[in-house]
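In what follows, a structure is listed as C-alpha cells, so that the remarks can point back to it.
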C-alpha cells in the first residue's frame, strides 16, 4: 500500500466522519503502523493538494489538511459501494457513454481508470456502459476535458452476454477467492489482545484490499451473475471482520488525532 492510497483510505474510513481533517503530525502517526515513513506521507499530501483532493488548514494541533468538495464526493460514493448502504435495485436499464476518440495516451489511461472505478466497462474504445449514472461522472469528464453523449437504454438481447463482453467475471471470481485466503491469513495472524496500532493496521489492509474491487467489480445484480458467486461470501467476511475490528481501530485513530505536535 503506497502513501497516497493509504491517505485516501484513512480519510475515507475514519476522518470523513471526524470533520474530514487532521494535522500533518497525526497523519504521520496514523500511517506509521502501515510502515509508511513521514517523507512519503508528506510527498503524497503535496501531490493530493495539487490534484485538489486535500486543502491546507490550520488546526489547534498544528498545520493540517482537510478534504475538498471533490474528495467528499469521491469518498461518499466509495463508502456507499464499499459498505452497500443505500443501494437501489437495478432497474434493468444501462447507462451508456459514447466519446470521441481520446488522442492523448495519459488522458485516455486516466479516463479508463476513473470510469472503471465508477463502475463502467468498455464495449469499445469509445463506448462504455454502467448499471446507473454515477454522481461523480460530470466532474470526472469536466476534469479530463472529455465530452460524452449519454443514453439510458435497455438491451435488445440477453444481458448476460453483454456482461460477459464487458467484464471478465471469471477473473473477478478468482480475485475474490484469492482475497478471501489473504484476508483470512491477515485477520488470523492478529492476536486476541493485539494492541491498537496492530488492529488499525490489519483493518486498514483489509479495507484497502476490499476497496480495490471497486476498480474491477461494478456490483452487478444477482440476476446477471453466475450461481454461487464468490463475491457474496467475500463480502460477508469483509463486513463481519471490518465491523469487529472497527472499535479498536477507531480508538487508535482518536488517540492519535487528540495528540499535539511533538
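The values are calculated or read from the model by the stated rules, or taken from the named source; none is laboratory data. If you're wondering where the values come from, they're calculated on a predicted model, not measured in any experiment. Reconstructed Cβ throughout: ideal geometry from the backbone, glycine too, with neighbour counts over all protein chains shown.
Structure values in brief
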item: Scope region 220-252; condition within 17 Å of residue 177 (Cβ to Cβ) and surrounded by fewer than 16 Cβ atoms within 10 Å (Cβ to Cβ); matching residues; result: 226, 227, 228, 232, 233, 236
item: Of the criteria (1) surrounded by fewer than 17 Cβ atoms within 10 Å (Cβ to Cβ); (2) under 14 Å from the mean Cα position of the chain (by Cα), which one residue 214 fails; result: (1)
item: Complete set of residues in region 35-55 that are surrounded by fewer than 19 Cβ atoms within 10 Å (Cβ to Cβ) and in a helix (DSSP H, G or I); result: 38, 39, 40, 42, 43, 46, 47, 49, 50
item: Matching helices (runs of 4 or more DSSP H) fully within region 85-174 where at least 2 residues are under 13 Å from residue 218 (Cα atoms); result: 105-117, 159-166
item: Hey, residue 197 touching a residue at least 12 places away in the same chain (Cβ under 8 Å), in contact with a helix residue (DSSP H, G or I) (Cβ under 7 Å, 6 or more places away or on another chain), in a loop (DSSP other than H, G, I, E, B) and buried (at least 16 other Cβ atoms within 10 Å of the Cβ) or not; result: no
item: Test result for residue 69, surrounded by 14 or more Cβ atoms within 10 Å (Cβ to Cβ), at pLDDT 85 or above and not assigned by TED's automatic domain parsing to the domain that holds residue 219; result: no
item: Unique match (being surrounded by 12 or more Cβ atoms within 10 Å (Cβ to Cβ) and under 27 Å from residue 231 (Cα atoms)) among 98, 82; result: 82
item: Residues satisfying the stated conditions in region 83-100, i.e. out of contact with any helix residue (DSSP H, G or I) (no Cβ under 6 Å at 6 or more places or on another chain) and modelled with pLDDT under 85; result: 83, 84, 85, 87, 88, 89, 90, 91
item: All positions within region 10-32 that are within 18 Å of residue 248 (Cβ to Cβ) and surrounded by fewer than 21 Cβ atoms within 10 Å (Cβ to Cβ); result: 17, 18, 32
item: Unmet requirement for residue 104, which otherwise passes all of (1) closer than 28 Å to residue 71 by Cα; (2) in contact with a helix residue (DSSP H, G or I) (Cβ under 9 Å, 6 or more places away or on another chain); (3) surrounded by fewer than 18 Cβ atoms within 10 Å (Cβ to Cβ); result: (2)
item: Candidates 83, 65, 120 - the one that is within 29 Å of residue 26 (Cα to Cα) and under 19 Å from the mean Cα position of the chain (by Cα); result: 83
